[in-house]
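The values are calculated or read from the model by the stated rules, or taken from the named source; none is laboratory data. All values derive from a computational prediction rather than experimental measurement. A quick note on method: Cβ atoms are made from the backbone with ideal geometry, for glycine too, and the neighbour counts reach across all protein chains shown. For accessibility, only protein heavy atoms count, side chains too; no ligands or nucleic acids. Shrake-Rupley method; radii C 1.70, N 1.55, O 1.52, S 1.80 Å.
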Amino acid sequence: MKLYQNENSSATSRVRIALALKGLTAEALPVTILGEEAESRQAGYRSVNPQGLVPVLLTDGGVLVTQSLAIIEYLDEIQPEPPLLPDTAEDRAQARSIALAIAAEIHALLPPRIGLHLKTAFKADADSIAAWGRHWVGEGMAAVETIIASRKRGAFAVSDQPGIADIFLFPQAISARRMGFDLARWPNIAEIVGRLEALPAFQENAPAPRK
C-alpha cells in the first residue's frame with residue numbers, strides 16, 4: 001500500500017494512527033499542502049484525488065481510496081484485529097457520529113484551501129483567518145464534548161478500547177491545543193487525550209506543527 005500524505009495534516013494523522021494500531025505499513029508519498037503553489041493544488045495530484053486533499057490510500061489492488069474515514073474503515077475490513085469499531089450497533093453509530101462531527105463539521109472548515117479562499121475572496125488577513133479557525137474549533141469541540149459526555153462509559157471516547165472516535169478526536173485536540181485552547185475546558189476530551197498521548201500509535205503519529 002502507498003499513502004499520499006502530509007505530516008501537518010490532521011486527516012493524514014488519523015490514517016497513520018489507524019495503520020499503527022493495525023500493525024500495517026504503507027509507503028509514504030509526501031504531498032505539500034500549504035501555499036498557492038502546493039502540490040495538492042496542481043493538476044498532477046488532482047489526477048490522484050480530484051478534491052486536492054490528503055490523505056489518499058493506494059491499495060495493494062491498485063485502487064485509490066480518498067477520505068480518511070473511508071480509508072480507516074477499509075483498513076478495519078482488511079485487518080479486523082484489533083477492531084476500530086465497537087461491538088454494538090448503538091456504539092458503532094456513536095463512534096461514527098463523533099468522527100463525522102470532527103471531520104465534517106470542524107476540520108472541513110480549517111484546511112489551507114479554506115484560508116486561501118477567505119484571503120482571496122474576502123480579503124481576510126492572517127488574524128481574521130486564525131479567528132475563523134478558533135471560532136469553529138471552539139464551537140465544534142464543545143459540541144463533541146457534550147456528545148461524549150452523554151454516553152461515556154469507558155476509558156476512551158466510546159469504550160475501553162481506542163477506536164475510530166479516538167482516532168479522529170486526537171489530532172483535532174492536538175491542533176486545538178496548538179491554537180491556544182486549554183483542553184481542560186472540555187474535561188472528557190482532556191481525559192481521553194491524556195490517555196491517548198501515552199499510546200505510541202497516537203503519540204508517534206500526531207500531526208506535526210506548521211512551520
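Identify all aspartates and glutamates with a Cα-Cα distance to Lys211 below 12 Å; exclude those on the same chain that are fewer than 8 residues away in sequence.
Glu7
Suppose every K and R has +1 on its Cβ and every D and E has -1 on its Cβ; what is the size of the dipole of the range 98-211 about the Cα centre, in Debye to the nearest 20?
Details: 13 positive and 11 negative charges, 53 e Å.
Dipole about the Cα centre, nearest 20: 260 debye.
For the range 2-78, what % of the accessible area comes from carbon and sulfur atoms, probe 1.4 Å?
On the way: 1740 of 3520 Å².
Answer for the range 2-78 is 49 percent, counting heavy atoms of protein chains only.
Take the Cα atoms of the chain, build their convex hull, and give its volume per residue in Å³. Before the final figure, lay out each step's value.
Numbers: hull volume 24.9 nm³, N = 211.
It comes to 118 Å³ per residue, whole-number rounded.
Given H placed on each backbone N at 1.01 Å, which residues far from Thr32 in sequence or on other chains put an amide H within less than 5 Å of it?
Glu39, Ser40
Net charge near Thr88: determine it from the other residues with C-beta under 13 Å of the C-beta of Thr88, scoring Lys and Arg +1 and Asp and Glu -1.
Details: positive: Arg92, Arg96, Arg151, Arg153; negative: Asp87, Glu90, Asp91.
Around Thr88, the surrounding residues sum to +1.
For the range 62-110, rounded, prolate or oblate, judged on the Cα gyration tensor with a ≥ b ≥ c (square roots of eigenvalues), a/c < 1.5 rounded, else prolate if a/b > b/c?
Numbers: a/c = 3.08, a/b = 1.10, b/c = 2.79.
Oblate shape, in that a/c is at least 1.5 and b/c is the bigger or equal ratio.
Among rounded, prolate and oblate, which fits the range 89-204 when a ≥ b ≥ c are the square roots of the eigenvalues of its C-alpha gyration tensor, a/c under 1.5 means rounded, and a/b larger than b/c means prolate?
Judged from the Cα gyration tensor, the range 89-204 comes out prolate (a/c at least 1.5, a/b above b/c).
Sorted by average packing, counted as other Cβ atoms within 10 angstrom per residue and highest first, what order do 145-151, 63-69 take? Show your work: numbers first, answer last.
Values: 145-151: 14.7, 63-69: 17.6.
For the peptides 145-151, 63-69, the packing ranking is 63-69, 145-151.
Ordering Lys119, Lys152, Lys211, Lys2 by accessible area with a probe of 1.4 Å, largest first, what comes out? Show your work: numbers first, answer last.
Working: Lys119 110, Lys152 50, Lys211 220, Lys2 80 Å².
Final ranking, largest accessible area leading: Lys211, Lys119, Lys2, Lys152.
Answer rounded, prolate or oblate for the range 2-78, using the Cα gyration tensor with square roots of eigenvalues a ≥ b ≥ c: rounded when a/c is under 1.5, else prolate when a/b is larger than b/c, else oblate. Present the calculation step by step, with values, prior to reporting the outcome.
Values: a/c = 2.19, a/b = 1.60, b/c = 1.37.
It is prolate, given that a/c is not under 1.5 and a/b is the larger ratio.
Can you tell me how much longer the chain between Lys211 and Val63 gets when fully stretched, taken as 0.36 nm per residue apart minus their C-alpha distance, in nm with one decimal?
Details: separation 148, 0.36 × 148 = 53.28 nm, distance 3.26 nm.
Gain on stretching Lys211 to Val63: 50.0 nm.
Before I look further, what does the chain give for accessible area per residue, probe 1.4 Å, in whole square angstrom? Provide the component values of the computation, followed by the final result.
Details: 10300 Å² over 211 residues.
Here the residues of the chain average 49 Å² of exposed surface.
So how compact is the range 26-149: Cα radius of gyration and Dmax in angstrom?
17.2, 49
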